[in-house]
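The values are calculated or read from the model by the stated rules, or taken from the named source; none is laboratory data. Owing to the predicted nature of the structure, the values given are computational and were not obtained by experimental measurement. All Cβ positions, glycine included, derive from the backbone under ideal geometry; neighbour counts span all protein chains shown.
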Amino acid sequence: MIERARAAGLTRILVPGYDLASSHAAVALAEAYPDLIDAAVGIHPHFADRPDAADWAELATLAAHPRVVAVGEIGLDFFRNHSPRAAQEAALERQLAMAADAGLPVLVHDREAHDAVRSALLAWPGPPGRAVRGVLHCYSGDAPLALELAASGYLISFALPVSFSSAHGPRDAAAALSDGTFLVETDSPWLAPGAAGARNEPTTALRVAAALARLRGTTPEAIAASAAKAYRVLVSG
Ligand SMILES: [Zn+2]
């Protein structure tokens, strides 16, 4: 799968964690493929009530690993509510503080929680000295929210739903954002193209880039160049 990604022309992949074990796995991948893969570490809102004090301390130590470029996925999911809202909000605040301490941007999951996520992200000062505070991953909001967050130092990341004609908010956002303020992603293992149960691979990002190109009246190559530039700013400061 990694060789297929390289052959398709992908140059950089950011692999996030969703709990402590997957965060360690992301770091291991980034160590094994330093020329292609970067790691993020974090506790997803679905698992916000799982870590104990030792787990949080271990996550903070892992965030300082040299192959870790962001804290994530973190955020709020008021659609599934797999963890109580209070636990989700506490985990988000804790990990925003952790990211600031580590000098890292954040990768943010926002499902049916736009107002609460917006408030938390605009209130967060971000990592000191960084141009980009974080990324709204698998963006599902509308254009005004995307523009406000982009103007506040957040990148907007699009997954395959932006290619669906029913995704009015994300499609409007994709058309309205400036170059250098968005990324493309797969949200693997979710949101695979094709039949249910199909595997989602890094190459799905090419379909997202093609959809963004259609929405923005440009070429997939121009989308790739813009996203690559935005990513470099995200990870380098
Ligand atoms: Zn997510």
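A few points about this structure:
- Listed conditions (1) touching a residue at least 12 places away in the same chain (Cβ under 8 Å); (2) out of contact with any Leu (no Cβ under 9 Å at 6 or more places or on another chain); (3) part of a loop (DSSP other than H, G, I, E, B) are all met by Ala209, apart from (3).
- Scanning segment 148-159 for residues that are surrounded by 22 or more Cβ atoms within 10 Å (Cβ to Cβ) and either within 19 Å of Ala228 (Cβ to Cβ) or at pLDDT below 95 (or both) yields a count of 6.
- Qualifying residue in segment 82-100 (condition: in contact (Cβ under 8 Å) with a residue 60 or more places away in the chain and more than 16 Å from the ligand (Cβ to nearest atom)): no
- Counted residues, segment 180-202 - those being of a type outside the set (S, T, N, Q), within 15 Å of the ligand (Cβ to nearest atom), farther than 18 Å from Arg232 by Cα and out of contact with any Leu (no Cβ under 7 Å at 6 or more places or on another chain): 4
- Selection status of Leu76, under 20 Å from Ser157 (Cα atoms), at pLDDT 95 or above and surrounded by 21 or more Cβ atoms within 10 Å (Cβ to Cβ): yes
- The set of residues in segment 1-54 that are in contact with a helix residue (DSSP H, G or I) (Cβ under 7 Å, 6 or more places away or on another chain), in contact (Cβ under 8 Å) with a residue 60 or more places away in the chain, farther than 17 Å from Tyr231 by Cα and away from the ligand (no atom under 16 Å from the Cβ) contains only Ala8.
- When restricted to residues that are in a helix (DSSP H, G or I), in contact (Cβ under 8 Å) with a residue 40 or more places away in the chain and surrounded by fewer than 21 Cβ atoms within 10 Å (Cβ to Cβ), segment 163-192 contains 2.
- Within this structure, Ala116 passes the test of being touching a residue at least 40 places away in the same chain (Cβ under 8 Å), surrounded by fewer than 24 Cβ atoms within 10 Å (Cβ to Cβ) and on the phi < 0 side of the Ramachandran plot.
- With respect to the conditions (1) in a loop (DSSP other than H, G, I, E, B); (2) within 13 Å of the ligand (Cβ to nearest atom); (3) of a type outside the set (Phe, Trp, Tyr), Pro125 falls short on a single one, namely (2).
- Filtered residue count, segment 128-137, keeping only those that are over 10 Å from Val108 (Cβ atoms) and either within 16 Å of the ligand (Cβ to nearest atom) or buried (at least 20 other Cβ atoms within 10 Å of the Cβ) (or both): 1
- Selection within segment 101-113 - buried (at least 19 other Cβ atoms within 10 Å of the Cβ) and either more than 24 Å from Ala131 (Cβ to Cβ) or within 12 Å of the ligand (Cβ to nearest atom) (or both): Leu107, Val108, His109, Asp110, Ala113
- Residues that are in contact (Cβ under 8 Å) with a residue 60 or more places away in the chain, within 16 Å of the ligand (Cβ to nearest atom) and not charged (D, E, K, R) are absent from segment 215-234.
- Scanning segment 65-72 finds no residues that are more than 22 Å from Ala230 (Cβ to Cβ) and within 16 Å of the ligand (Cβ to nearest atom).
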